[in-house]
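Q: To start, I am sharing the structure in question, which I have written as structure tokens.
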Amino acid sequence: MTALAAKVAIVTGASSGIGYATSKLFAREGAKVVVAARRQAELDALVAEITAAGGEAVALAGDVRDEAFSEALVETAIGRFGGLDVAFNNAGVLGEMGATPDVSLSGWRDTIETNLTSAFLGAKHQIPALLDRGGGSLIFTSTFVGYTVGMPGLAAYAASKAGLIGLTQSLAAELGPKGIRANAILPGAVDTPAYRAMNDTAEARSFVAGLHALKRIATPDELARSALYLASHASTFTTGSALLVDGGVSINRT
Ligand SMILES: NC(=O)c1ccc[n+]([C@@H]2O[C@H](COP(=O)([O-])OP(=O)(O)OC[C@H]3O[C@@H](n4cnc5c(N)ncnc54)[C@H](OP(=O)(O)O)[C@@H]3O)[C@@H](O)[C@H]2O)c1
């Protein structure tokens, strides 16, 4: 028995990293998956991998800042696969970093739109489809930054990701009575292209690994398994949570 048999899922940020790994795991666990990001070629490669492994997926390329794209993803889930049960709203960027007086208003707005407004737009259009199925699971990718730890130079990122936790709690309270759960995953450092771009030397990678109690960073698959937990029957009493999947970076002081 697979964990997501007969379920339909949307995964954003699927062209890379955590979203790519989660799309493959969801499909392996029986879900039909709508995979979303801007880069069509990467999405096509993902769909080919899923199909070759015996799964089902369809790609839709677009920008999560665009409301029409959120609507189109839900329409695709319904049109191609008959409904929607799970949405992993995972797309995100680090955005403009630096001392706060130097951060541009456009950089701030872009980070908030990509990381936070996109999640609102996703949920807004996913909720009616989830209600049509009698319930479902909304999952957002936040981070420990801005929740358990303040870091210099990350004001827009931290604010956008902390905003996701407020959104998650509000959705959980609003939709719990209707059978929809809403949760946020808070990763520590994960070995994805975004992480590698930020930490491009062995020294930097070793420093970041050392910040974690487990003295290493996560693989994308470890985050995919956490998303699977929140998507599946294993977590039926979990809602409104900010789930740290951070290798102990939040509590570690050595
Ligand atoms: N890696 C870490 O250490 C870490 C730690 C904490 C939290 N996170 C969060 O985890 C999530 C996934 O990150 P990752 O590490 O897997 O990074 P990644 O490999 O860079 O993947 C980011 C994904 O988001 C998509 N995306 C970005 N902007 C988009 C937009 N405007 N419209 C549509 N898709 C967009 C990208 O696709 P396209 O470029 O093709 O559009 C890509 O698929 C993010 O929300 C990130 O903030 C990551």
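Just so you know, all these numbers are worked out from the coordinates, no wet-lab data involved. Everything numeric here is computed off the predicted structure, so don't read it as measured data. So basically every Cβ, Gly included, is an ideal-geometry build from the backbone, and we count neighbours across all protein chains shown.
Q: Which of rounded, prolate, oblate describes the stretch 188-252, given a ≥ b ≥ c as roots of the alpha-carbon gyration tensor eigenvalues and a/c under 1.5 marking rounded, otherwise prolate only if a/b is larger than b/c?
A: Prolate.
Q: Continuing with this model, one more query. Provide Rg and Dmax in Å for the chain, with only Cα atoms included in the calculation.
A: That works out to 17.3, 54 Å for Rg and Dmax.
Q: Pairs of alpha-carbon atoms within less than 8 angstrom and 6+ residues apart define the contacts here; what relative contact order does the chain have, in percent?
A: RCO, the chain: 19 percent.
Q: Where does each of 23-35, 241-253, 222-234, 92-104 land if you order them by average Cβ count within 10 Å, highest first?
A: 23-35, 222-234, 241-253, 92-104
Q: Calculated from DSSP H runs of 4 or more alone, at -39500 (n - 2.57) each and per residue, what is the 222 nm mean residue ellipticity of the chain, nearest 500?
A: -14000 deg cm²/dmol
Q: If you don't mind, there's one more thing I want to ask. List, in order, the whole-Hz ³J(HN,Hα) value for each residue of the stretch 243-252 obtained from phi through the Karplus relation with A = 6.51, B = -1.76, C = 1.60 and θ = phi - 60°; use x for Gly and Pro.
A: In residue order, the calculated couplings are 8, 6, 10, 10, x, x, 5, 6, 9, 7 Hz.
Q: Give a residue-ordered list of calculated ³J(HN,Hα) values for the stretch 82-99 (Karplus: 6.51 cos²θ - 1.76 cosθ + 1.60, θ = phi - 60°; whole Hz; x for Gly, Pro).
A: Values, residue by residue: x, x, 9, 10, 9, 10, 9, 8, 10, 4, x, 9, 6, x, 6, 10, x, 4 Hz.
Q: Could you give the DSSP H helices of the chain that reach 24 angstrom or more along their long axis (alpha carbon positions) and whose average Kyte-Doolittle hydropathy is no lower than 0.5?
A: Answer set is 155-175.
Q: Right, next: Which shape class applies to the stretch 39-94: rounded if a/c is under 1.5, otherwise prolate when a/b exceeds b/c and oblate if not, where a ≥ b ≥ c are the square roots of the Cα gyration tensor eigenvalues?
A: It is oblate, given that a/c is not under 1.5 and a/b is not larger than b/c.
Q: Cα gyration tensor of the stretch 109-254, axes a ≥ b ≥ c as square roots of the eigenvalues: rounded (a/c below 1.5), prolate (a/b > b/c) or oblate?
A: The shape class here is prolate.
Q: Dipole size in debye (nearest 20) for the stretch 121-200 around its Cα centre, Lys and Arg Cβ +1, Asp and Glu Cβ -1?
A: Computed about the Cα centre, the dipole is about 180 debye.
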